[in-house]
Amino acid sequence: MLLTSLFEGFVDDAVTSVGLLGNGPLTAVTLYDLIPYLNPDPNWPGHYKNYYDLKIASLKRTDLLLSISGYAREECIGAIPELADRVVNMSSACNDMFRPRSGEADPVISSKFELDKPFVLSTGSLESRKNFELLVEAFGALPELLRRGRLLVFAGGADTDRIEAIQRKALEAGLAPGQLRVLGHITDAELLALYQACELFVFPSLHEGFGLPPLEAMACGAVVLGSNATSVPEVIGREDALFDPRSLEELTALMTRALTDASYRASLREHGIRQSAAFSWDKTAQRALQAIEARLAQRSAPAPTALPVSTAKPRVAMVSPLPPEQTGIADYVAELLPTLAETYDITVISDQAEVWPGPGGEQFEVKSIAWFEQNAGDFERVVYQMGNSPFHAHMPAMMQRYPGVVVLHDFFISSLMLWAEDTGFGHDAFKRALVRSHGYRALEQLAREGALASKWRWPCSYEVVRDALSVIVHSNYSRDLVAQYYGEPFREKVHLVRQHRAAEDLRCRIDARRRLGIAEDEILVCAYGFMDATKLNHVLVDAWARSGLSDDVKCRLVFVGGEDNSEYGRQLREVMARLAGSARIKITGFADHESFVTWLSAADIAVQLRTMSRGETSRTVLDCLAHGVPLIVNANGPMAEYPDDILTKLADEFEVDDLVVALRRLRADTSLREELGVRGPAYIAAVHEPHKTAAGYAHAIEGAFNAADTRRMKRSLAEFWARYPQSTADVRDAAAQSVAELVIAPRKPRLYLDLSATVRNDLKTGIERVARSLVRELLLEPPAGFDVVPAYLSEDNGVWRVRRAQRYLAAQPGFELVDSQDDIVVPASGDVLIGLDLFPDGVIAAANYGLYAFWRACGARVGFMIHDLLPITRPEFFPPWANASHAAWFSTVCANSDLLVCISQHVRDDVEALINANHPGCSAPALLVSHHGADVSASFPSAGMPEGSTEVLDAIRARPSFLMVGTIEPRKGHLQAVQAFERLWAAGKDVNLVIVGHEGWKPLPAEERRTIPAIVDAIRSSGQLGKRLFWLEGISDEYLEKIYAAASCLLSPSEGEGYGLPLIEAAKHGVPIVARDITVFREVAGAAAFYFSGTDGADLVRAIDAWLSLRERGAIPDSSALTWDTWAQSARRFGQLVTARLRAGDGEASCAATS
């Protein structure tokens, strides 16, 4: 039996239950969400709560739960761990009526809804979790020119009060009257018309079970943005289309980009249609049927023959500190062990000299690390309690050899890694953790900003997450951080288990206040924990003063915890001393457990604020709730996940006045304090009761250690380390990294960028400038979920390999901290190797050796950037043998590639035509197009100004100067240009010709260099050389930038190009353009250039004269109209294209497939 709507019936004609009639048929229930269970409405009538509780009881009795999203499944497991093995994600889909518009807009848009301007759309009921208030604020915060010509439209049901409230909010946010349209209930056909007509669809929801509206909107071809909360990311499937639903600034910026950036809009639209196609009712039905059949088979299987059952509990090695070690994790574990010991026989692994009994007097079995290494084979299960302090320094190395379940208390362990490096505990531990976790960009920031900034910026926990068999975290926020920093595949190994917290005896309040000397009619406000800037203690003091509570003789403020002795702490104490009623403000200093509990028991109000969360879960918040202390928090990190009705929750980045209001309200409202004092302990009992935590632990531990893949991985690691010889820590660490690459899954895939020509002899050609620029920007902003690694082809005694280009990278500005050893690359599934520059002989030799076939057999992909096919399509401009040589290279590339990235549509067309002509019907690589950037400074720019450069720049500025940029080659038009300018000078024209570029093909014999000798002779023999003709060879990027700035016009007479990089560089500098009328220049420059035809000097003379005449009249084409990308934008697009193709899979690639 499939029950599609268990929770219906309160107001509907439906009666549903599960398991009330005894052993019935297998029952499966569709699970949409548990939002009311996790965030119950305090205004619910009692009889509805009783009804909902009955439904939850039925849910727990069902045989199978079919969740509509992966998030809904994990949410259910976190809330009700006993259901963990009964929840299967079948996903969801939308009706196939939702599709892009094929004709004119539906007239209902203008006739019924009167939407006469472009509009931003959102759909759903006007309830608080839909978060429409933030969207209204973000729309109001848009630049005026963007906002003024647009409407904001909400479609969905709501009562009059809520509509009036959202309209008031719109006026407060700066929207004009009538600019917000609330349409109410609409038909499906009307909804389809709105999706198809909207300029932008935004879904800002805080909590969803699936998120059908963004899927419907994407299917209709809308540009879609959504929150990064709960299930919405798995529906939208694109990180740069997501925003923090609590950040006004983030949503405003993303909306602005989506309304103004045409390429971004187009890519979102294309992605949306592709992403929506991945969801179908057919796939959902198949998953549901498979789950039902599997469960039915399991239920129907005959009972196994009874065997003697061992009563021994499974053994667990718990690697953790215990009290009296001064770390909260020690206390946490001491409180956890008694309950977890009901399921497991636990041995604690710790080298500490003294161990205190547990909170109930329990004695723990504790063994040393050395003992464990001798007896590790006796433990099938290992659990690591991992934190960000020296108490955990030994754990990462242990995990490499003895993998286990990791309880990640702190997602950021950068402080630990920095400590290890500074103290010598681990050689280069911080640098290694930075580059392994976050790539070379982290070392670039370390060199630029120092260790402190890097410690705050980077978590450094990748190896811990990678090496763990499974990861336990205490908040969805931490789980999201894992996916954000290390990629979505890692989310699957992270399990949410809420922190345990036992109920407290609340009858000790009177005794605690008596011991502290607090009168019954006084209001005691406490903030708990060590004082520092991240706890926002200064904000609390400011609010205390503004609220008037500092003047209230019945109010006390106590900071329970250690003082900050830094400058921050000193200034804070000075501020407190100047306040009225300063005698009623106290800092206790370090509070032992007994004192801490006394202050908790005595408090009337607690304030626990945070900023810059690193993923840690505040134990003190749970302490306050368990003691029934009315609590004020801000929604920073995991604290955002607490239900709104058990505490007072401010925005993450709240205003001081918000805290003032909260303090005054709790001070004045005794009944509210009493109500929160009841709700807090009830929540703790319902969600954080220790047996629930222990059940979550057991589910994660057993799931990890019983999985077949895990057993194979553990066996492989055990066999390897059993044979590995004694060695130094550094050698063992290097070996562990290599083993992890081969054995452990998932791992972060890598994008290897092949710079073989650039690394060997950086001639600063256009191609190499492109390669340098892409590498630099991709290093600083890698594609989501990928590490970027510069690499090159290496031939060692006839063996072709790929090596990391670390020596080259270490020589580039900003990357000096990179280790200069060029390690051999071992490819793994999910990796990709892209050849960026031109290294034809090496590529052919490597292919013949079988290198690319080996990479592809390992599950990696191979691709190349195609700059042009000119030696094949225009052989007259190249040495006689170049046609055959380039054709051989191109055939090799096609035969060994999964994708080709073309630098222009023109090049793509050439590639497709050549493939179709020479290899009809073949299986061809996918063809992608990615244009270049224009900022020379982003290409590992060279610096330096030669002697005499000032005089040259003065001469360029002195008269109209035409600049040519590019290597001297036959196709570039240099000979025509020199001949034309000789005629202009002879006619008395006072103009300059400036040529920037090397002499090409110098190693070749003169007869193979085509017109190059004639070009060089024409330049060197000119009587204007050094006067009005300047040839600048091998100049730095710094010098080139100054020349662009001084030039009057870029001259590009080339007869064949793959792109035309100087055109966009000139446009960036506002330099007008004269270019030959060829297809690719039209593609790049459009109407922003002056075009000419003809190959004779006289043709160019006429063009120059015409251009100068137009210049005098102010009528030359405006190069600023040429839209160009920065190299950062170009690299971002390149990375997105490549990784999207990888995720799409080979199945979509056909002959000349395109993106």
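In table form, for the structure just shown:
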| quantity | calculated |
| --- | --- |
| Among the residues listed as GLU655, GLU616, GLU674, the single one being within 18 Å of VAL541 (Cα to Cα) and charged (D, E, K, R) | GLU655 |
| Residue that is surrounded by the most Cβ atoms within 10 Å (Cβ to Cβ), among those in the range 549-563 that are hydrophobic (A, V, I, L, M, F, W, C) and not in a loop (DSSP other than H, G, I, E, B) | PHE559 |
| Single condition ASP841 does not satisfy, out of (1) closer than 14 Å to VAL802 by Cα; (2) charged (D, E, K, R); (3) not in a loop (DSSP other than H, G, I, E, B) | (1) |
| Selection status of GLU190, touching a residue at least 12 places away in the same chain (Cβ under 8 Å), within 16 Å of PHE154 (Cα to Cα) and either in contact with a strand residue (DSSP E or B) (Cβ under 6 Å, 6 or more places away or on another chain) or assigned to a helix (DSSP H, G or I) (or both) | yes |
| Qualifying residue in the range 258-265 (condition: hydrophobic (A, V, I, L, M, F, W, C), surrounded by 19 or more Cβ atoms within 10 Å (Cβ to Cβ), within 18 Å of PRO213 (Cβ to Cβ) and in contact with a Phe, Trp or Tyr (Cβ under 9 Å, 6 or more places away or on another chain)) | yes |
| Subset of the range 234-252 [assigned to a loop (DSSP other than H, G, I, E, B) and under 15 Å from ARG274 (Cβ atoms)] | GLY237, ARG238 |
| Sole residue being within 33 Å of the chain's Cα centre (by Cα), farther than 19 Å from VAL560 by Cβ and of a type in the set (A, V, I, L, M), chosen from ALA483, ALA545, ALA502 | ALA483 |
| Failed condition for GLY404, given (1) surrounded by fewer than 18 Cβ atoms within 10 Å (Cβ to Cβ); (2) farther than 30 Å from HIS593 by Cα | (1) |
| Helices (runs of 4 or more DSSP H) contained entirely in the range 451-511, each with at least 2 residues that are in contact with a strand residue (DSSP E or B) (Cβ under 9 Å, 6 or more places away or on another chain) and of a type outside the set (Ser, Thr, Tyr) | 462-467, 476-486 |
| Options SER1109, SER1130: the member that is out of contact with any Gly (no Cβ under 7 Å at 6 or more places or on another chain), more than 18 Å from SER1054 (Cβ to Cβ) and either surrounded by fewer than 15 Cβ atoms within 10 Å (Cβ to Cβ) or not acidic (Asp, Glu) (or both) | SER1109 |
| Out of LEU778, LEU793, LEU755, sole residue that is surrounded by 17 or more Cβ atoms within 10 Å (Cβ to Cβ), touching a Phe, Trp or Tyr at 6+ places or on another chain (Cβ under 8 Å), under 18 Å from ARG448 (Cα atoms) and not assigned by TED's automatic domain parsing to the domain that holds GLY487 | LEU778 |
| Selected residue [on the phi > 0 side of the Ramachandran plot, in the same structural domain as ARG479 (by TED's automatic domain parsing), surrounded by fewer than 18 Cβ atoms within 10 Å (Cβ to Cβ) and not β-branched (Val, Ile, Thr)] from GLY377, GLY424, GLY361 | GLY361 |
| Any hit, the range 904-915, residues being part of a helix (DSSP H, G or I), in the same structural domain as PRO970 (by TED's automatic domain parsing) and loosely packed, with under 15 Cβ neighbours inside 10 Å | no |
| Filter pass, GLY439 being out of contact with any helix residue (DSSP H, G or I) (no Cβ under 9 Å at 6 or more places or on another chain) and either surrounded by fewer than 21 Cβ atoms within 10 Å (Cβ to Cβ) or within 26 Å of LEU242 (Cα to Cα) (or both) | no |
| Elements of type helices (runs of 4 or more DSSP H) in the range 689-799, at least 3 residues being in contact (Cβ under 8 Å) with a residue 24 or more places away in the chain and closer than 30 Å to GLU999 by Cα | 756-760, 766-780 |
| Only one of ALA306, ALA291 that is surrounded by 12 or more Cβ atoms within 10 Å (Cβ to Cβ), out of contact with any helix residue (DSSP H, G or I) (no Cβ under 8 Å at 6 or more places or on another chain) and either at pLDDT below 95 or of a type in the set (Gly, Ala, Ser) (or both) | ALA291 |
| Filter result for PHE815 (in contact (Cβ under 8 Å) with a residue 40 or more places away in the chain and among the aromatic types (Phe, Trp, Tyr)) | yes |
| Residue match in the range 604-621 (condition: surrounded by fewer than 22 Cβ atoms within 10 Å (Cβ to Cβ), assigned to a strand (DSSP E or B), in contact (Cβ under 8 Å) with a residue 12 or more places away in the chain and of a type in the set (Val, Ile, Thr)) | no |
| Hits in the range 1057-1104 - residues which are assigned to a loop (DSSP other than H, G, I, E, B), out of contact with any strand residue (DSSP E or B) (no Cβ under 8 Å at 6 or more places or on another chain) and surrounded by 22 or more Cβ atoms within 10 Å (Cβ to Cβ) | GLU1057, TYR1059 |
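The rows are residues; the columns are (1) charged (D, E, K, R); (2) over 23 Å from ARG269 (Cβ atoms); (3) surrounded by 20 or more Cβ atoms within 10 Å (Cβ to Cβ).
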site	(1), (2), (3)
MET97	no, no, no
PRO100	no, no, no
GLU104	yes, no, no
LYS112	yes, yes, no
VAL120	no, no, yes
GLY124	no, no, yes
LYS130	yes, yes, yes
GLU137	yes, yes, no
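The values are calculated or read from the model by the stated rules, or taken from the named source; none is laboratory data. Source: prediction; values computed, not measured. Please note: Cβ atoms are built from the backbone with ideal geometry, for glycine as well, and neighbour counts cover all protein chains shown.
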